[in-house]
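These notes concern the structure reproduced below.
The values are calculated or read from the model by the stated rules, or taken from the named source; none is laboratory data. The structure displayed is predicted, hence computed values, not measured ones. Counting neighbours? That spans all protein chains shown, and the Cβs are built from the backbone with ideal geometry, glycine included.
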Amino acid sequence: MRSFLIGTGRCGSTLVYEVLARHPHVGFVSGLDNRWPLTPGPVRRNAGAIYRRVPPGLATRNGTRFGPSEAYAALSREVSPVITDPFRDLTAADATPWLAARLRRFFDRRAAGEQRHFTHKFTGWPRAAFLREVFPEARFVHIVRDGRAVANSLNQMPWWRGHLGPAGWRFGPLPDHYAQEWDDGGRCLAHLAGIGWKIMMDAYEVARAAVPDDHWLEVRYEDLLTNPRKHMDVILDFLGLAWTADFERDLARRTFSEGRAEAFRKDLTPGQLALLNRSLIGHLHRYGYGL
């Protein structure tokens with residue numbers, strides 16, 4: 001079976017990816033494979049087994065990483081930049097036979113015969129309708145995070161291009177109603193990041209309609225931090241994976257810190273926070289977040 005972890009970015013999906021990759025029956029694309037085109041085939045196919053044997057500090061260190069990767073460099077190189085850097089969400093209509101065949105081959109080359117499950121993470125646009133067209137059996141775990149926290153985190157990332165405005169970021173032009181909202185708010189950059197979150201969440205709501213209910217699971221990042229045992233159990237059950245003693249042991253070693261969950265309240269000015277509250281209130285309420 002294949003599954004995809006998806007989220008807006010800065011939503012906590014990396015944490016879920018790294019925890020899930022510790023399961024003994026899960027395969028994935030490793031950071032080593034992503035960075036080095038000549039990675040030997042056995043290493044590609046057994047990334048999970050290697051990751052679970054490498055000390056955590058080495059496995060997740062920047063540079064030569066054995067841990068799970070979004071593999072944008074490898075996907076661009078072996079499939080197409082269409083997958084990694086689209087200006088809009090990808091739909092089923094984008095799954096041309098040529099592109100679909102390359103994407104299937106990409107994951108097939110990295111799947112070992114003994115694995116029961118292969119998972120991959122995509123952030124930004126959901127791509128779910130496109131991925132379902134290529135992999136009809138795939139399941140999707142959507143990680144949701146408070147849009148104010150996402151906006152705050154985006155503005156702290158060196159790769160975030162929101163400072164260039166809508167003409168320079170990767171989300172395409174602002175829809176007219178969001179463009180007017182941004183103008184009315186004084187073109188605040190924190191506000192723009194929040195609008196980016198809304199654009200992404202709008203796309204996720206459209207994508208969800210293209211996926212059967214029993215193939216889509218939504219998990220809030222904040223809930224996972226509060227009770228990781230409960231919510232990882234829900235995720236494993238959804239993916240058809242058993243809770244194992246090895247997985248239990250690895251989960252117990254990991255620290256889940258709630259300290260950054262509401263860091264936006266001190267990182268943003270009162271004016272910026274008020275602007276985000278007004279802008280995101282409808283979306284926040286739909287996902288169970290209060291002001």
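Structural remarks
- Checked across region 104-121, the condition of being farther than 24 Å from residue 74 by Cα and either touching an Asp or Glu at 6+ places or on another chain (Cβ under 6 Å) or not hydroxyl-bearing (Ser, Thr, Tyr) (or both) holds for no residue.
- The residue list 174, 192, 275 contains one member that is more than 18 Å from residue 5 (Cβ to Cβ) and in contact with a His (Cβ under 6 Å, 6 or more places away or on another chain), which is 275.
- Residue 174 meets all of the listed conditions (1) assigned to a helix (DSSP H, G or I); (2) among the aliphatic types (A, V, I, L, M); (3) under 23 Å from residue 207 (Cβ atoms) but one, namely (1).
- Any hit, region 190-209, residues being over 19 Å from residue 283 (Cα atoms) and surrounded by fewer than 20 Cβ atoms within 10 Å (Cβ to Cβ): no
- Whichever residue in region 128-138 is in contact with a strand residue (DSSP E or B) (Cβ under 9 Å, 6 or more places away or on another chain) and either among the polar types (S, T, N, Q) or surrounded by 22 or more Cβ atoms within 10 Å (Cβ to Cβ) (or both) and, among such residues, is nearest to residue 46 (Cα to Cα): 131
- Filtering region 216-237 to residues that are in contact (Cβ under 8 Å) with a residue 12 or more places away in the chain and closer than 21 Å to residue 286 by Cβ leaves 216, 217, 218, 219, 220, 221, 222, 224, 225, 226, 231, 234.
- On inspection, residue 196 fails the criterion of being in a loop (DSSP other than H, G, I, E, B) and either more than 21 Å from residue 13 (Cα to Cα) or at pLDDT 95 or above (or both).
- Test: residue in region 245-253 that is under 19 Å from residue 10 (Cα atoms) and either surrounded by fewer than 17 Cβ atoms within 10 Å (Cβ to Cβ) or without any contact (Cβ under 8 Å) to a residue 60 or more places away in the chain (or both): no
Matching residues to (1) part of a helix (DSSP H, G or I); (2) buried (at least 20 other Cβ atoms within 10 Å of the Cβ); (3) modelled with pLDDT of 90 or more:
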position: 3; (1), (2), (3): no, yes, yes
position: 11; (1), (2), (3): no, yes, yes
position: 15; (1), (2), (3): yes, no, yes
position: 24; (1), (2), (3): no, no, yes
position: 33; (1), (2), (3): yes, yes, yes
position: 39; (1), (2), (3): no, no, no
position: 42; (1), (2), (3): yes, no, no
position: 50; (1), (2), (3): yes, no, no
position: 54; (1), (2), (3): no, no, no
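- All of 78, 70, 137 fail the test of being touching a residue at least 12 places away in the same chain (Cβ under 8 Å) and under 16 Å from residue 13 (Cβ atoms), apart from 70.
- If the condition is being surrounded by 14 or more Cβ atoms within 10 Å (Cβ to Cβ) and more than 21 Å from the chain's Cα centre (by Cα), then region 100-127 contributes 102, 112, 115, 116.
- Check on residue 218, within 17 Å of residue 15 (Cβ to Cβ), of a type in the set (Asp, Glu), in a strand (DSSP E or B) and modelled with pLDDT of 95 or more: yes
- Residue match in region 263-272 (condition: in a helix (DSSP H, G or I) and either in contact with a Phe, Trp or Tyr (Cβ under 8 Å, 6 or more places away or on another chain) or within 17 Å of residue 23 (Cα to Cα) (or both)): no
- Any hit, region 111-126, residues being over 24 Å from residue 218 (Cα atoms) and in a helix (DSSP H, G or I): no
- Breaking point among (1) under 17 Å from residue 196 (Cβ atoms); (2) not in a helix (DSSP H, G or I), for residue 278: (2)
- Region 273-291 - residue that is over 21 Å from residue 224 (Cβ atoms) and in contact with a Gly (Cβ under 9 Å, 6 or more places away or on another chain) and, of those, surrounded by the most Cβ atoms within 10 Å (Cβ to Cβ): 276
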